[in-house]
Every structure is written in structure tokens, then in C-alpha cells.
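Beneath this line is the structure, given in C-alpha cells, with notes to follow.
The values are calculated or read from the model by the stated rules, or taken from the named source; none is laboratory data. Values in this document were obtained by computation on a predicted structure and should not be read as measured data. Positions of Cβ are backbone-derived with ideal geometry, glycine not excepted, and every protein chain shown enters the neighbour counts. The area values use the complete protein model at the heavy-atom level, side chains included, leaving out ligands, DNA and RNA. Shrake-Rupley method; radii C 1.70, N 1.55, O 1.52, S 1.80 Å.
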Amino acid sequence: MAATFDSSTAPARGRAGRPVGTVTRGTTNTNRLRRMDRWIAHALGPVLRSAARPPVAVDLGYGAAPWTAVELAGRLRSVRPDVRVVGIEIEPERVAAAVPYADPPLLSFRRGGFEVPLDGGAPAQLIRAANVLRQYEETAVAGVWERLCDRLAPDGLLVEGTCDEIGRRHVWVALGPEGPRTVTFAARLGGLGQPSDLAERLPKALIHHNVPGRPVHAFLADFDRAWAAAAPYGAFGARQRWVAACTALAGSWPLVDARGRWRQGEVTVPWTALAP
């Protein structure tokens with residue numbers, strides 16, 4: 001799908017030497033982004049392994065502590081040992097606090113924002129922006145997406161989304177240089193009441209469209225019905241119930257993954273199916 005970006009809605013460019021964007025709350029916890037990282041390793045693994053040079057991954061807006069960048073580096077090294085992770089934060093004090101955890105050249109930290117400053121202006125194979133855009137107006141999202149996608153390598157991926165404080169519920173959008181591709185819902189199934197509980201973690205581009213008559217609302221309503229119909233599978237565990245619900249959902253929605261990912265507590269839908 002071609003992107004429908006409107007750069008006029010992007011945050012204004014900073015003055016010379018000043019990062020683009022605003023400071024986030026900085027809330028972070030260890031293991032918070034494990035579900036997102038697991039999906040990234042699966043989806044981007046072939047690109048990372050085939051890269052001619054050590055690939056670069058960016059943890060944009062990692063927060064008040066560097067745990068998510070440190071964990072991303074560790075998880076991606078299982079895919080490609082020489083992957084280089086750069087944690088980027090707009091707040092100088094957060095960068096200073098993270099520097100002791102650096103492991104150059106495999107893990108480094110620097111000040112920056114949506115301009116994504118990398119050595120030599122190099123592109124990134126991955127930009128992960130988790131829990132960053134929730135504080136912005138919805139009208140700013142397309143411009144930010146465009147700015148970040150411009151910093152991707154031709155085979156790169158931007159993953160932008162939201163999760164709860166301890167990583168039990170996630171929803172994220174995956175974008176290539178051309179724009180948004182897919183939306184992924186992921187949850188700790190043991191504590192899930194129904195799939196629409198994930199609605200509170202919809203990314204900024206979708207959360208205000210979870211109302212009757214909009215595609216994302218219809219998707220979650222159908223998912224809830226499939227989940228309810230799959231209740232008998234709950235006797236075998238929440239995972240089996242989720243898989244059964246996804247199997248039924250695939251009859252009416254164009255899911256892009258299959259049972260192997262569903263068993264991880266994930267389901268992925270084309271952006272075009274849910275776009276406002």
C-alpha cells in the first residue's frame with residue numbers, strides 16, 4: 001500500500017542541533033517490550049541475517065532507563081551477532097544515565113528525536129518507537145511516520161505501537177519505507193478477558209477510531225464473538241482458545257499470519273483492513 005503521509009502535520013523541525021520531538025514521560029520496565037521484540041526477531045530476521053554489513057537497529061525514546069535498548073540488543077544478537085543497537089532519547093539526562101550500559105559498537109546511546117541521528121546519516125534496518133506517540137495529537141502521526149520511514153533502509157522496518165506498563169498487552173503497526181503494512185495484537189493470554197481488552201493499547205493512529213462503524217471496532221467485535229464461541233477450548237488452556245478464535249476470525253478477516261504465531265498470543269492484520 002502506498003503511504004498517505006501528510007508531512008505538514010509532523011512536529012516542527014528543531015533548530016540546528018536540537019532534536020525533533022518532545023520529552024515523553026519516560027516510564028519503562030524490564031521485559032516490557034518482550035512480545036514486540038519476539039515478533040521483530042521473527043519478522044525482520046531474514047533481513048538482518050542477509051545484510052551485507054552489520055545492521056543497525058534503533059530504540060527510539062527508550063525512556064528514563066535503558067532497559068528496553070539493552071534487551072533489544074540481546075534479543076537481536078540471537079538473530080545476528082553483530083547487529084548494532086542505538087538507543088536514542090531527546091532528554092540529555094536520560095542519555096547520560098544510559099551511557100554506563102553501552103557496549104560499543106554493539107550498543108550505544110545518543111541524544112536525538114524523530115530525525116534519528118546515526119553515524120554518517122546511515123539508514124536503519126529497524127526503528128522501534130514504543131509508547132512514544134501516545135502523547136501526540138493524532139494529526140501528528142502521519143508526519144512522524146513519514147519522517148521515521150525516511151530513515152529506513154530499503155528493506156527496513158518501523159515498528160510503532162503501545163503496550164501496558166509490564167508488557168502484557170501490545171498493539172503495534174509495522175511500516176516499511178512505503179508506509180504502513182500491518183497491525184499486530186499481542187497479549188499474555190492467561191490474563192485476557194476478551195480480545196477487545198487490547199483496545200486500550202491501540203496506537204495513536206487507531207485508538208480514537210474504535211467506535212461503531214469503523215473497521216478497527218468491527219474487527220475487535222468479531223474477535224470477541226469468535227473468542228466467546230471458542231470458550232469450550234478454554235478447558236485446554238487460553239492458548240488453544242486463542243488459536244481457535246483466530247481460526248474462526250480468519251474466515252472473515254484477512255489475517256496475514258498463521259497458527260505458529262497465534263500460539264504466541266499474536267494475530268496480525270493488514271493495515272488496509274483496519275485503516276481509518
Set TRP172, TRP242: member being of a type in the set (Phe, Trp, Tyr) and within 18 Å of the chain's Cα centre (by Cα): TRP172
Test: residue in segment 81-101 that is open to solvent by 20 Å² or more (accessible area, probe 1.4 Å), out of contact with any strand residue (DSSP E or B) (no Cβ under 7 Å at 6 or more places or on another chain), within 21 Å of VAL23 (Cα to Cα) and free of Cβ contacts under 8 Å to residues at least 24 places away in the same chain: yes
Selection within segment 251-260 - out of contact with any strand residue (DSSP E or B) (no Cβ under 9 Å at 6 or more places or on another chain), within 16 Å of ARG225 (Cα to Cα) and not hydroxyl-bearing (Ser, Thr, Tyr): GLY251
From LEU133, LEU152, LEU175, LEU148, residue being within 28 Å of ARG263 (Cα to Cα) and not acidic (Asp, Glu): LEU175
Qualifying residues in segment 6-22 (those that are on the phi < 0 side of the Ramachandran plot, open to solvent by 60 Å² or more (accessible area, probe 1.4 Å) and not hydroxyl-bearing (Ser, Thr, Tyr)) - the one modelled with the highest pLDDT: ARG18
Residue in segment 252-274 that is among the hydrophobic types (A, V, I, L, M, F, W, C), in contact (Cβ under 8 Å) with a residue 60 or more places away in the chain, touching a Gly at 6+ places or on another chain (Cβ under 6 Å) and open to solvent by less than 30 Å² (accessible area, probe 1.4 Å) present: no
Hits in segment 23-77 - residues which are β-branched (Val, Ile, Thr), open to solvent by 10 Å² or more (accessible area, probe 1.4 Å), touching a residue at least 60 places away in the same chain (Cβ under 8 Å) and not in a helix (DSSP H, G or I): VAL23, THR24, THR27, VAL56
Residues located in segment 140-179, provided they are over 24 Å from TRP67 (Cβ atoms), open to solvent by 10 Å² or more (accessible area, probe 1.4 Å) and part of a strand (DSSP E or B): LEU152, PRO154, ASP155
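Suppose we filter ALA205, ALA199, ALA235 for residues that are more than 17 Å from the chain's Cα centre (by Cα) and either free of Cβ contacts under 8 Å to residues at least 60 places away in the same chain or open to solvent by less than 30 Å² (accessible area, probe 1.4 Å) (or both); which single one remains?
ALA235
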Selection count where residues are out of contact with any Leu (no Cβ under 6 Å at 6 or more places or on another chain) and within 14 Å of ALA174 (Cα to Cα), scope segment 38-67: 6
Helices (runs of 4 or more DSSP H) within segment 181-276 that include 1 or more residues of a type in the set (D, E, K, R) and within 24 Å of VAL159 (Cβ to Cβ): 204-207, 238-249, 259-262
Qualifying residue in segment 129-148 (condition: free of Cβ contacts under 8 Å to residues at least 60 places away in the same chain, farther than 19 Å from ARG38 by Cα, among the aromatic types (Phe, Trp, Tyr) and touching a Gly at 6+ places or on another chain (Cβ under 8 Å)): no
Yes/no for ARG168 being at pLDDT 95 or above, in contact with a Ser or Thr (Cβ under 6 Å, 6 or more places away or on another chain) and closer than 27 Å to LEU126 by Cα: no
